[in-house]
Structure formats: structure tokens, C-alpha cells
1. What about SER101, is it surrounded by 13 or more Cβ atoms within 10 Å (Cβ to Cβ), within 17 Å of the chain's Cα centre (by Cα), more than 16 Å from PRO9 (Cα to Cα) and hydroxyl-bearing (Ser, Thr, Tyr)?
2. Based on this model, can you work out whether ASP133 counts as open to solvent by 40 Å² or more (accessible area, probe 1.4 Å) and within 30 Å of LEU43 (Cβ to Cβ)?
3. What's the number of the condition ARG2 fails, among (1) under 30 Å from ASP161 (Cβ atoms); (2) at pLDDT 80 or above; (3) not in a strand (DSSP E or B)?
4. Considering only the stretch 70-176, give the strands (runs of 3 or more DSSP E) lying wholly within it that have at least 1 residues that are among the aromatic types (Phe, Trp, Tyr).
5. How many residues are surrounded by 12 or more Cβ atoms within 10 Å (Cβ to Cβ) and either of a type in the set (D, E, K, R) or over 30 Å from VAL97 (Cα atoms) (or both) if we restrict to the stretch 16-37?
6. Find all pairs meeting these conditions: Cβ atoms under 7 angstrom apart; at least six residues apart or on different chains; first residue within the stretch 48-71 and open to solvent by 100 Å² or more (accessible area, probe 1.4 Å); second residue at pLDDT below 75.
7. So PRO140 fits all but one of (1) surrounded by fewer than 14 Cβ atoms within 10 Å (Cβ to Cβ); (2) touching a Phe, Trp or Tyr at 6+ places or on another chain (Cβ under 6 Å); (3) not hydrophobic (A, V, I, L, M, F, W, C); what number is the exception?
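The values are calculated or read from the model by the stated rules, or taken from the named source; none is laboratory data. Please read these numbers as outputs of a predicted model, since none were measured by experiment. Reconstructed Cβ throughout: ideal geometry from the backbone, glycine too, with neighbour counts over all protein chains shown. Just the protein is used for accessible areas: all its heavy atoms, side chains included, with ligands, DNA and RNA removed. Shrake-Rupley method; radii C 1.70, N 1.55, O 1.52, S 1.80 Å.
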Amino acid sequence: MRELGTEGPAAWTEEWATRGEVVFPQRRQSLWWRLGLFGLLTLSSAAQLVDNLRDGEMMFVVVLPACALPVWCWMFGYTLWQVVTRRPVIRVDHFGVHYGSSKRTRLSWDRIATISDPIGRWLFAFVNVRPVDGKPQRLPISHLHVDDLRPFALWLRSRLDEQRADSSARGQSGDG
């Protein structure tokens, strides 16, 4: 699967024109740092637990790493699954914007009110897609999928404007 998130608006527009959709899988490069972090935390918790058990430390000191270990193992496993499958993906098509496969994380073009500029900084930045009905729903489009969020937000807004113009033109041609 092609990593469109590292390419720019020209590649996205070309993909949109040829396939009618643009799919942004999770970028493996952005997941490696998380995989390494959770791997280190898992090893550290396991080593500390073994050390405390061997030394016969008091129960409180043994319980903390014992509780943390399953959490770090789960996070490491989930991140490993993401590295392999590159899911969840973001799909932009003629229906709207989809995040993953859940119906709750899908917005059709006619239900989108605004698409924000990137919010936050560095790895914690995301683009907020707000629905018309005002219900708080954020499609988490972040650096995990797209390298540079500012051009992505502009490109997504241009797709929204294009879809609104097409919808308006269809509405006017149906009235006459």
C-alpha cells in the first residue's frame, strides 16, 4: 500500500482523480518510535518485577511493576499490530471522510461543517473535522497518517468545497 501521507497535495489530487478516493494508512515511520518506547517500558517493568521478586521486596513495590507490565505489553502488542496492518486508515472518497471502519467515525460531505487548521504541536497535532449538527465528534487525523497536516487540511477543505459545489450544481439542475 502506497504511503500517501508522506507525499503532498499533488499526489493526493492525482489519486483522487484516478481512483475517486485517497487512502492514508498509518505511516510505519511514525509508529516505530511508539513501538520502541512501549518495548522499553515493557522490558523495564518486567526487569523491575523480577528484581523485586528476587530481592523479596515489600508487596507495594512488587505490585506496581506487576500492574504496569500488562498495560505496557498490551500497548506494545497493539502498536505492533498497527505497524504490521497499518490500520486504522483514513479514507477520503466521494461519500466523505472515514476513519477506520466504524460508522461512528464516518462523516459524509453534507454533514461536515468545518475542517480546522492543525491543532496542537508536533506529534500531538491533529486536524479536527466538525459535523454540521454540532455534536462533538473529532476524526483523529494526525501525524500517524499524514506527515504535514497544514497542506492536508487545505487539501481536505478544497475537496469539501468541490463536493459542496457539485451538490449545489446538482440541486440547481434538478430545479430547472
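1. Numbers: surrounded by 13 or more Cβ atoms within 10 Å (Cβ to Cβ): no; within 17 Å of the chain's Cα centre (by Cα): yes; more than 16 Å from PRO9 (Cα to Cα): yes; hydroxyl-bearing (Ser, Thr, Tyr): yes.
No, not satisfied.
2. Spelling it out, it is not the case that ASP133 is open to solvent by 40 Å² or more (accessible area, probe 1.4 Å) and within 30 Å of LEU43 (Cβ to Cβ).
3. The number of the failed condition is (2).
4. 96-99
5. Residues that pass the stated criteria total 6.
6. Close Cβ pairs (under 7 Å, with a partner that is at pLDDT below 75) amount to LEU53/VAL62.
7. So PRO140 meets the others, but not (1).
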